[in-house]
1. Explain nothing, just compute: Karplus ³J(HN,Hα) = 6.51 cos²θ - 1.76 cosθ + 1.60, θ = phi - 60°, for every residue of the stretch B:330-347 in order, whole Hz, x for Gly and Pro.
2. I need B:His295, B:His398, B:His426 ordered by Cβ neighbour count within 10 Å, fewest first.
3. Take the cross-link list B:Lys25/B:Lys135; B:Lys208/B:Lys441; B:Lys100/B:Lys409; B:Lys56/B:Lys331 and give me the ones stretching past 23 Å between alpha-carbons.
4. Relative to 2.2 N^0.38 Å, what does the C-alpha radius of gyration of the stretch A:2-195 come to as a ratio? Two decimals please.
5. If you take each beta carbon of peptide B:336-342 and count the beta carbons of other chains within 10 angstrom, what is the mean?
6. Taking every pair of Cα atoms in the stretch B:164-219, average 1/r, invert it to obtain the Kirkwood radius, and report Rg/Rh to two decimals.
7. If the elastic network links every pair of Cα atoms under 10 Å, which of A:Val124, A:Val224, A:Val307 fluctuates the most in the Gaussian network model of chain A?
8. Does anyone have the angle between helix A:39-48 and the longest principal axis of chain A? Alpha-carbon axes, 0 to 90°, nearest 10?
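Derivation of every value follows stated rules applied to the coordinates shown; laboratory data play no part. Please read these numbers as outputs of a predicted model, since none were measured by experiment. Cβ: placed from backbone, ideal geometry, glycine included. Neighbour counts: every protein chain shown.
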Amino acid sequence: MKRIGLIINPVAGMGGSVGLKGTDGNVEEAERRGAVPHAGERAGQTLDLLKQQKEICFLACAGAMGEAALAASGLKNYRVVYTPGNETSPADTRAAAQVFREQGIDLIMFCGGDGTARDIFSVVGPDIPILGIPAGVKMYSGVFAVNPAAAAELVAGLNKAALRDSEVMDVDEEAYRAGTLDTRLYGIARTPVIRGMVAVSKQVYEQPDEERIKLEIAQFMQEVMLPGALYIIGAGTTTETIVRYLGLKKTLLGVDVVKNHRLVARDADEKALLRLTEKERDIRIIVSPIGAQGFILGRGNQQISPVVIRRAGTGHVIVVATPHKLQEIPELLVDSGDPSLDREFGESIQVICGYRLAQRKPIRQQEPGGSS
Amino acid sequence: MYIFVQNNYWYMQTKILLDEEQIPKRWYNVQADLPSPLDPPLHPATHKPVGPDDLKAIFPMELIRQEVTTDRYIDIPEEVRDVLRLWRPSPLYRAHRLEKFLKTPAKIYYKWEGVSPAGSHKTNTSVPQAYYNMKAGIERIATETGAGQWGSALAFATMLYDLECTIYMVRSSYTQKPYRKSMMQVWGGECIPSPSTKTKSGQAVLEKDPETPGALGIAISEAVEDAATHANTNYALGSVLNHVCLHQTIIGQECREQLASVEEYPDVVIGCVGGGSNFAGIAFPFAGDKMTGKHKDVDIIGVEPASCPTLTKGAYTYDFGDVAGLTPLMKMFTLGHDFVPPSIHAGGLRYHGDSPIVSRLVHDGVMRAVAYHQSEVFDAAQTFSRTEGIIVAPETSHAVKCAIDEALKCKKTGEEKTIMFNCSGHGNFDMSAYDAYYAGKLVDYEYPDELINEAIGRIPKIQ
């Protein structure tokens, strides 16, 4: 029997339909503009497909945060463990996640957007897998299933599913207040993924074996890292493995700098990177795609600014990613903040995905004027 | 180009056919026309040149002789030619519909080797190899097969000469391509998923990892061990070796005859390259013409996958033929014997090395090589199927892609070149690869040569 915690953010997505950049703190404005809640309905599409599943029981929140949708789908095997206030808020999401955590569950399935994902992640971290039914305005995080039916498929096959890393992204509030809408990497959650025949480097593995592949990538990177060159290493678990393989400790969500197998800087900001790169001749940047959209620059790695990239040269940007991750992102996105620099990356880029192994992936520049 | 009139319609000749009696009577040995001899294979332990005695345990003497001889021609036994009559001479097609679709002034010809019973060029060598083993009193042949092309070709050939055949098939292919295994069964071959419990090398792998999907390197070890430990059993290889390339030259010799019958000689000759034998087959007779000065300008192109770019990105040096390092060291282009290419759909092109003769000719500039990504190659295969009809194997698609590119270059320059490629096999058992293509699931793997070369130079370093 798998125990699934269900959290529906009833107002998720409302802002989007009426031109708001998110719904949190904007519910009244959204309603005033005529938005109607649809998250419950989205969750219902998933729940309808799980009716026949005997081996699943739900832990739920009362009312619109879960119970209503469960009842509407005719599901019986659920238990209400948390009752929110009259107007649900991010605090309710966090409180529910806390109760789920205490009760011990196998997965939290939520229906919402990046804000909901971030609230849940702030409580459970990578300890409890998270799966999103997409319903929000912003969904840059990698925790979402592609649609409600795919979420149902993952939950139904949870026994056989493996876990993958998934970035939790959300709007950078500081930047937002400063007038730009930008996303930030808040953490790396775990999300179920269906085991399939995945062709990975040498052989066809029957199951995703992320750790093994990351080590393969790390082994290769160590082999090709040049003495004397300065390596700026972006956020993420694949890049973390590379640094760990060198026997060093990496800032998971930050940018570290390595030279001659030594850490030169940890969690460096743009200023530190500018200072460090000022007199270096040979600069390389190692990054991994971040979030569901596959940004290699411009999201989660903003410290690596256009000036830093220019000092390295676009030809010295080394992209690394596991094949499973690449399977989910059809193209990579570049949005460094300098469109002419973005264009220098050309139409495609090589992505290291194993030992002495790469894939060629198309690159798309962020549309002019397009915001995150 | 021949045009004829019938019932008031103008027809353009599409197939150029030869009579059965025009099946070549001799194989052409390009070693005779090399300006200097090939570097000899070296013993893996002593690094001294390998002698015939080193190979006697697993190959019949006549094939060992063919491996090293510098005689320009070697007679094809009548018993072998008699079997070849079943599908040879194979047709040479003029690709009128493809040319029209591309709007190219170039003339495109393709040699269709998919007419053989097993569906590819592999039977051109499996038949003589089985024959010489039978003549030497051998009762059984052991071999390995990846995707199953070679295994089925050898099962067919051994059946004709009443030999037993044991085929170690890489386990992942064994489960994914069940119909290749079925073919082997029809022809009386015993197909065993590798690693197996039949050999020590197989047992060792299974002990470590009972769920392993297997690999070609492991299957080779099993087949060689099987042959070396049974007196009545020999080993057979479907590509790479000189005698295999020799047997395939029947393709290029027929092509030259067929083109001559319509008063043509190719400007460009193309073949896909894994181990190199089908490319050698179509190319060597023309490489000979080039080296002997008869046709100095013929452009000969080997096409390989970007994920396993042996000729375009590898080093020309001595390396082992297998992963474990048990085979003799051969001078060839290689990505390193420990490089295991990614699982692209053109399984037949996944080899870290290449035929030593093909390597030498590319190194000397007699032939050249290009590399393509998987999805562009399938685009080309689709174009070919939708114009010429034939659904080609993923390996063959590489040659198709190159031919189309060369024809499109002619469109730009207005040149009326004669382009010919070896259409080495059909893709009727590769429909899952086409399914993956249409589902958008093809991964464009490539070899990160810049990073590697910058850091450690072109690998490997042996000696």
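1. Residue by residue, the stretch B:330-347 yields 10, 7, 7, 6, 8, 9, x, 5, 8, 7, 9, x, x, 7, 7, 6, 7, x Hz.
2. Working: B:His295 16, B:His398 35, B:His426 19.
So the residues, fewest neighbours to most, are B:His295, B:His426, B:His398.
3. Numbers: B:Lys25/B:Lys135 19 Å; B:Lys208/B:Lys441 31 Å; B:Lys100/B:Lys409 15 Å; B:Lys56/B:Lys331 21 Å.
Violating the 23 Å Cα-Cα cut-off are B:Lys208/B:Lys441.
4. On the way: Rg = 15.5 Å, N = 194, 2.2 N^0.38 = 16.3 Å.
The value comes to 0.95.
5. Values: counts 1, 0, 2, 4, 7, 4, 12.
Per-residue shielding by partner chains comes out at 4.
6. Taking Rg over the Kirkwood Rh, I get 0.98.
7. Highest fluctuation of the listed residues: A:Val224.
8. Tilt of helix A:39-48: around 80 degrees.
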